[in-house]
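**Student:** Structure incoming, see below.
Readers should treat all values here as calculations from the given coordinates under stated rules, not as data from a laboratory. The structure presented is a predicted model; accordingly, all values stated were derived computationally and were not measured. Cβ placement follows ideal geometry from the backbone for every residue including glycine, while neighbour counts extend to all protein chains displayed.
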Amino acid sequence: MGLEELWRSRNRAGERGAGGTDQRPWSATECSSEASIVRSQKVPRIKGVTSGEAGFGTRIIYFFTRRSMVRTTGRSRERMLEPVEMYGHSSALLRAYGRMEQATGNLKKMPARYMALAGVKTATLVACEYCIDIGCQIFRQLGLTDEELLALPSYKTSPLFDELDRSVLDYAIGMTRTPAEVSDDLFATLESHFGDDQIIELTHLIAMRT
């Protein structure tokens with residue numbers, strides 16, 4: 001089992017309020033079941049617009065998007081553009097979404113480590129296999145180690161994470177819940193370390209990935 005598959009099977013949503021995690025070791029049956037649930041979501045209900053079907057302008061967007069993703073992740077996957085191809089049905093939304101993703105990728109005020117922690121936790125909470133697969137490479141480049149990725153289910157007690165790391169992860173969990181649950185104490189902790197502009201960047205990233 002590769003790191004990405006192990007990571008997918010070992011990470012799941014907190015079940016005990018904002019920041020709560022189930023730290024009980026998973027059985028082999030639970031890991032297999034979780035991985036199967038995520039894999040079952042791989043077949044889209046709407047077929048995307050492929051490069052062969054797209055107009056000239058959309059093909060240009062696909063080309064630069066793929067090139068950017070290969071440069072960022074260091075690899076090329078057959079289904080790399082699948083989410084983008086969905087937007088191929090609406091050129092206006094495709095352009096707007098592309099600008100939004102570009103702006104998100106250029107955010108620099110919040111330190112990369114905290115953006116990566118929030119991104120990886122949100123991806124596992126919503127069981128987005130695409131986000132996990134692509135993100136695993138990006139998160140490594142942003143400084144997260146394989147050991148930290150695999151320790152996320154027990155981040156509350158793992159020595160690999162400090163208190164600020166835990167607060168950021170708690171925030172990602174709280175925001176991803178429906179309805180959102182972010183306590184005043186948790187937000188005050190974030191405010192004591194980050195400025196409003198940094199918190200906005202962190203919040204935006206979590207919202208984009210939810």
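**Student:** Once the Cβ-Cβ distance between residue 191 and residue 145 is put in as r, and R0 is 45 Å, what FRET efficiency do you end up with, to the nearest 0.05?
**Tutor:** Once rounded, the FRET efficiency stands at 0.95.
**Student:** Less than 15 Å Cβ to Cβ from residue 64, Lys/Arg counted +1 and Asp/Glu -1: what total charge do the surrounding residues give?
**Tutor:** With Lys, Arg at +1 and Asp, Glu at -1, the neighbours total +4.
**Student:** Residues of the range 77-112 with backbone nitrogen within less than 16 Å of a virtual label 7 Å along the Cα-to-Cβ line of residue 71, please, listed as ranges.
**Tutor:** Under cut-off, by backbone N: 99, 101-107.
**Student:** Same structure, new question: Residue 180 label point, 7 Å along Cα→Cβ, cut-off 19 Å on backbone N: hits in the range 121-151?
**Tutor:** Those under the cut-off are 121-127.
**Student:** Near residue 160, within a Cβ-to-Cβ distance under 10 Å, what is the net charge of the other residues, with Lys and Arg +1 and Asp and Glu -1?
**Tutor:** Combined, the nearby Lys, Arg, Asp and Glu give -4.
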